[in-house]
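These notes are about the structure you will find just below.
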Amino acid sequence: MIATADSQRRWRRLFLIVGAIVAAYALLAPLTSLDAAQSANVPLLADKFWFRIATYVVMFVVMATAWNIIGGITGYAAFGNVAFFGIGAYTTGMLIAKAKWPFLVALPLAPILAALFAALVGLPLLRLRGHYFAVASLGVGVAVGELVQNIDYNGQPVFGGASGLFLPIYAVGHRGLFFFYLMCGAAAIAIAVTWWVLRSRFGYGLIAIRENEEAAAVLGVNTTAYKVGAFALAAALTGLAGGIFSQWNVFINQDNAFPIEYNVQMILMALLGGTGTVFGPAAGAVLLQLLIQFLGGSLPISIDLPFVSTEARPIVAQVILGLLLVVVVIFVPRGVIDFFGGRTRLSLSYLRRSLRDTSL
């Protein structure tokens, strides 16, 4: 037992060191693109293409970490959190494009409105459990996207309709750097909030709900208030990512503000890294998003898939990704951080226990 505990501590220490090195490189490498750095003949470590890829990766770090609050810590598998992303995007977009608000003034309204909407729909939705809640939350996500696209006033689409909404370009020097670091700030907030939740009385109540909601209620936990609070907190963080995305992307419509696949991706990222942990969803988001970009041929470093045309490559990539995720869910149901941290080891008994734990 002592040896095992020492091994776990060594692995955790190693992961912290590696994670700190990777994070430091990711944050400092873009600075080599500045004019001052180039004038000093500093090697270029990141260009505009990498800024865009990196900003997408960090955006999913925010969304996966936010989902973890309601799905991993509270135990309510929400499949409609993309609605909060879209609400945040359209809140900021409408205030900028229609009301002519400055971006940094409009942005704080994105998480606020997303949280208010989550609290409103959460009161009835969170009375459901299991697959009933999952399906109902997915329905909300789809319905919000359809409403945003089809609401008209005097024959004119309120939110841009099928044509979408175009935003003025935010005039700032080194635009790619600005939005990358702004999204990094949102990710830092999401991780800090998760850390606080897991160490607060509020978080203990959420964990009690996840383990046994009836017992939590008997112990005095206001389960409805706690669940709605977790739902609203996850929505606020997701809406913040959506608000940043709208001005960064300049154009938003139903397809990029309410993509159904985002619902699945943020859940898979949290599962891959480890639900209910502080850094697990962030690690899963980085790994899965880079893998998606790699298999889809979006990264400069890529592989040639034999007998696969360019048009079919995204489909084959999704199949490969799905198979990899099935393997991860079966063999490492608690996430890669838990597995490589030495808490679980591959064995026949471990496989049997994993299959039993992940079966209905």
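The values are calculated or read from the model by the stated rules, or taken from the named source; none is laboratory data. The model shown is predicted, which means the values in this text are computed figures rather than measured ones. FYI the Cβ positions are ideal-geometry reconstructions off the backbone, even for glycines, and counts take in every protein chain you see.
The set of residues in the range 52-81 being crowded, with 21+ Cβ neighbours inside 10 Å and aromatic (Phe, Trp, Tyr) consists of 60, 67, 76, 79.
Has the range 272-287 got any residue that is in a helix (DSSP H, G or I), of a type in the set (Phe, Trp, Tyr), in contact (Cβ under 8 Å) with a residue 24 or more places away in the chain and in the same structural domain as residue 243 (by TED's automatic domain parsing)? Among the residues of the range 272-287, not one is in a helix (DSSP H, G or I), of a type in the set (Phe, Trp, Tyr), in contact (Cβ under 8 Å) with a residue 24 or more places away in the chain and in the same structural domain as residue 243 (by TED's automatic domain parsing), which makes the answer no.
Answer yes if at least one residue in the range 249-259 is buried (at least 24 other Cβ atoms within 10 Å of the Cβ), small (Gly, Ala, Ser) and either modelled with pLDDT under 95 or in a strand (DSSP E or B) (or both), and no otherwise. So far as the range 249-259 goes, yes, one or more of its residues are buried (at least 24 other Cβ atoms within 10 Å of the Cβ), small (Gly, Ala, Ser) and either modelled with pLDDT under 95 or in a strand (DSSP E or B) (or both).
In the range 143-167, how many residues are farther than 16 Å from residue 242 by Cα and touching a helix residue (DSSP H, G or I) at 6+ places or on another chain (Cβ under 7 Å)?
3
Residues that are modelled with pLDDT of 90 or more, surrounded by fewer than 17 Cβ atoms within 10 Å (Cβ to Cβ) and either more than 26 Å from the chain's Cα centre (by Cα) or aromatic (Phe, Trp, Tyr) (or both) within the range 133-167 comprise just one, 166.
Okay, residues lined up against (1) in contact with a helix residue (DSSP H, G or I) (Cβ under 9 Å, 6 or more places away or on another chain); (2) in a loop (DSSP other than H, G, I, E, B); (3) in contact (Cβ under 8 Å) with a residue 60 or more places away in the chain:
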| position | (1), (2), (3) |
| --- | --- |
| 133 | yes, no, no |
| 169 | yes, yes, yes |
| 177 | yes, no, yes |
| 183 | yes, no, yes |
| 192 | no, no, no |
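Residue-level check: of (1) at pLDDT below 95; (2) buried (at least 19 other Cβ atoms within 10 Å of the Cβ), residue 212 misses just (2).
The condition of being out of contact with any helix residue (DSSP H, G or I) (no Cβ under 6 Å at 6 or more places or on another chain) and at pLDDT below 80 holds for only one of 40, 46, 24, 20, that being 40.
Go over the candidates 84, 49 one by one and state the one that is touching a residue at least 60 places away in the same chain (Cβ under 8 Å), surrounded by fewer than 19 Cβ atoms within 10 Å (Cβ to Cβ) and either under 28 Å from residue 216 (Cβ atoms) or of a type in the set (Phe, Trp, Tyr) (or both).
On the way: 84 fails: surrounded by fewer than 19 Cβ atoms within 10 Å (Cβ to Cβ).
Exactly one residue qualifies, and that residue is 49.
If you go through the range 182-206 and keep only what is surrounded by fewer than 16 Cβ atoms within 10 Å (Cβ to Cβ) and more than 30 Å from residue 222 (Cα to Cα), you end up with just 185.
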